[in-house]
Amino acid sequence: MRVEKIEIHAGPVDFPFQAIRKVEVECEAPTALSKPPTIEGVNIKLRELAREVGANAVVDVTYDTGPSWTSWRLVRGHGVAVRNESEDRPCPVCAETVKRAAKKCQFCGADLPELAARQTVRRPN
(Lines give C-alpha, C1' and ligand atoms only; values in the text may rest on other atoms or scores of the structure.)
Protein backbone atom coordinates (compact mmCIF):
# COMPACT_ATOMS: atom_id res chain seq x y z
CA MET A 1 0.00 0.00 0.00
CA ARG A 2 1.21 3.49 -0.81
CA VAL A 3 2.00 5.68 2.18
CA GLU A 4 -0.22 8.49 0.89
CA LYS A 5 -3.29 6.20 1.00
CA ILE A 6 -2.98 5.48 4.74
CA GLU A 7 -5.63 7.48 6.60
CA ILE A 8 -4.94 9.54 9.73
CA HIS A 9 -7.89 10.12 12.10
CA ALA A 10 -7.55 12.41 15.11
CA GLY A 11 -9.92 11.00 17.70
CA PRO A 12 -12.34 8.06 17.53
CA VAL A 13 -13.83 6.75 14.28
CA ASP A 14 -17.14 5.17 13.30
CA PHE A 15 -15.94 2.39 10.99
CA PRO A 16 -15.14 -1.20 11.99
CA PHE A 17 -11.44 -1.97 12.34
CA GLN A 18 -8.97 -4.44 13.75
CA ALA A 19 -6.32 -2.85 15.96
CA ILE A 20 -2.75 -3.89 15.20
CA ARG A 21 -0.66 -1.93 17.70
CA LYS A 22 -0.01 1.45 19.28
CA VAL A 23 2.36 3.73 17.37
CA GLU A 24 4.35 6.74 18.46
CA VAL A 25 6.68 8.98 16.46
CA GLU A 26 8.69 12.14 17.11
CA CYS A 27 9.83 15.01 14.90
CA GLU A 28 12.29 17.56 16.19
CA ALA A 29 14.35 20.44 14.89
CA PRO A 30 17.99 19.23 14.84
CA THR A 31 19.42 22.73 15.30
CA ALA A 32 18.22 26.10 16.53
CA LEU A 33 18.22 27.40 12.94
CA SER A 34 16.21 24.47 11.54
CA LYS A 35 12.56 24.79 10.58
CA PRO A 36 10.27 23.80 13.45
CA PRO A 37 8.66 20.36 13.18
CA THR A 38 5.09 20.22 11.89
CA ILE A 39 2.06 18.00 12.38
CA GLU A 40 2.28 17.13 8.67
CA GLY A 41 5.80 15.77 9.29
CA VAL A 42 4.50 13.68 12.20
CA ASN A 43 1.66 12.37 10.02
CA ILE A 44 4.15 11.26 7.35
CA LYS A 45 6.11 9.30 9.95
CA LEU A 46 2.90 7.79 11.39
CA ARG A 47 1.88 6.65 7.88
CA GLU A 48 5.31 5.07 7.26
CA LEU A 49 5.21 3.20 10.58
CA ALA A 50 1.62 2.05 9.92
CA ARG A 51 2.64 0.69 6.53
CA GLU A 52 5.50 -1.28 8.12
CA VAL A 53 3.06 -3.09 10.44
CA GLY A 54 0.45 -3.74 7.73
CA ALA A 55 -2.09 -1.11 8.76
CA ASN A 56 -4.16 1.04 6.41
CA ALA A 57 -5.18 3.70 8.95
CA VAL A 58 -4.09 5.32 12.21
CA VAL A 59 -6.88 6.26 14.65
CA ASP A 60 -7.12 8.10 17.98
CA VAL A 61 -4.17 10.28 16.95
CA THR A 62 -3.04 12.92 19.45
CA TYR A 63 -0.17 15.38 19.21
CA ASP A 64 2.12 16.72 21.94
CA THR A 65 4.62 19.54 21.67
CA GLY A 66 7.46 20.61 23.91
CA PRO A 67 11.16 20.25 24.55
CA SER A 68 13.20 17.06 24.46
CA TRP A 69 16.68 16.21 25.70
CA THR A 70 18.17 17.27 22.36
CA SER A 71 15.83 20.01 21.12
CA TRP A 72 13.55 22.78 22.33
CA ARG A 73 11.20 22.11 19.44
CA LEU A 74 9.62 18.66 19.41
CA VAL A 75 6.27 17.30 18.15
CA ARG A 76 5.13 13.79 19.13
CA GLY A 77 2.28 11.85 17.56
CA HIS A 78 0.52 8.93 19.29
CA GLY A 79 -2.15 6.68 17.81
CA VAL A 80 -3.30 3.14 17.07
CA ALA A 81 -2.38 1.49 13.78
CA VAL A 82 -5.46 -0.37 12.50
CA ARG A 83 -6.71 -2.37 9.56
CA ASN A 84 -9.94 -0.73 8.35
CA GLU A 85 -12.48 -3.44 7.58
CA SER A 86 -14.58 -3.00 4.46
CA GLU A 87 -18.28 -2.16 4.56
CA ASP A 88 -18.82 -4.98 2.03
CA ARG A 89 -18.41 -8.76 2.17
CA PRO A 90 -18.96 -11.62 -0.26
CA CYS A 91 -22.15 -13.69 -0.11
CA PRO A 92 -21.21 -17.25 0.99
CA VAL A 93 -23.59 -18.74 -1.61
CA CYS A 94 -23.16 -16.72 -4.82
CA ALA A 95 -19.97 -14.74 -3.99
CA GLU A 96 -21.52 -11.40 -5.03
CA THR A 97 -20.56 -8.39 -2.93
CA VAL A 98 -23.17 -7.34 -0.36
CA LYS A 99 -23.16 -4.90 2.54
CA ARG A 100 -21.73 -6.21 5.81
CA ALA A 101 -24.96 -5.37 7.67
CA ALA A 102 -27.20 -7.20 5.14
CA LYS A 103 -29.27 -10.12 6.43
CA LYS A 104 -30.28 -11.41 2.97
CA CYS A 105 -28.32 -11.43 -0.30
CA GLN A 106 -29.88 -9.11 -2.87
CA PHE A 107 -28.61 -11.29 -5.73
CA CYS A 108 -29.51 -14.88 -4.76
CA GLY A 109 -31.83 -14.33 -1.79
CA ALA A 110 -29.74 -16.46 0.59
CA ASP A 111 -29.90 -15.73 4.32
CA LEU A 112 -26.59 -14.29 5.49
CA PRO A 113 -25.00 -15.08 8.85
CA GLU A 114 -25.11 -12.21 11.31
CA LEU A 115 -21.46 -11.33 10.92
CA ALA A 116 -21.90 -7.61 11.52
CA ALA A 117 -23.61 -8.07 14.89
CA ARG A 118 -20.84 -10.24 16.28
CA GLN A 119 -17.91 -8.13 15.14
CA THR A 120 -16.34 -5.98 17.79
CA VAL A 121 -13.70 -3.32 17.68
CA ARG A 122 -10.60 -4.55 19.44
CA ARG A 123 -8.32 -1.97 20.95
CA PRO A 124 -4.82 -2.72 22.24
CA ASN A 125 -4.23 -2.61 25.99
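The values are calculated or read from the model by the stated rules, or taken from the named source; none is laboratory data. The shown structure was predicted, so the numbers you read here are calculated from the model rather than taken from an experiment. Virtual Cβ from ideal backbone geometry, glycine too; neighbours counted across all protein chains shown. Just the protein is used for accessible areas: all its heavy atoms, side chains included, with ligands, DNA and RNA removed. Shrake-Rupley method; radii C 1.70, N 1.55, O 1.52, S 1.80 Å.
Annotations
- In the chain, a dipole from Cβ-located charges (positive for Lys and Arg, negative for Asp and Glu) runs towards its positive end, and of 54, 109, 12 it is 109 whose Cα lies farthest in that direction.
- Acute angle (nearest 10 degrees) that the helix 39-52 long axis makes with the longest principal axis of the chain, alpha-carbon atoms: 50
- The phi-based Karplus calculation (6.51 cos²θ - 1.76 cosθ + 1.60; θ = phi - 60°) puts the 3J(HN,Hα) values of region 59-76 at 10, 6, 6, 10, 10, 10, 10, x, x, 10, 5, 10, 7, 7, 10, 9, 10, 10 Hz, whole numbers, x for Gly and Pro.
- If you wrap region 10-53 in the convex hull of its Cα atoms and look at it from every side, the mean projected area works out to 4.0 nm².
- Whole-number accessible area per residue in Å² for the chain, which is evaluated in the context of all protein chains at 1.4 Å: 66
- Long-range tail of P(r) for the chain (Cα pairs > 23 Å, %): 47
- Region 9-78: relative contact order in percent, alpha carbon pairs under 8 Å with at least 6 residues between: 44
- Among the chymotrypsin sites (Phe, Trp or Tyr not before Pro) in region 26-72, those placed in a DSSP loop whose Cβ has at most 10 other Cβ atoms within 10 Å are 69.
- Förster-model FRET efficiency, 35 Å R0, residue 5 and residue 104, C-beta, rounded to 0.05: 0.60
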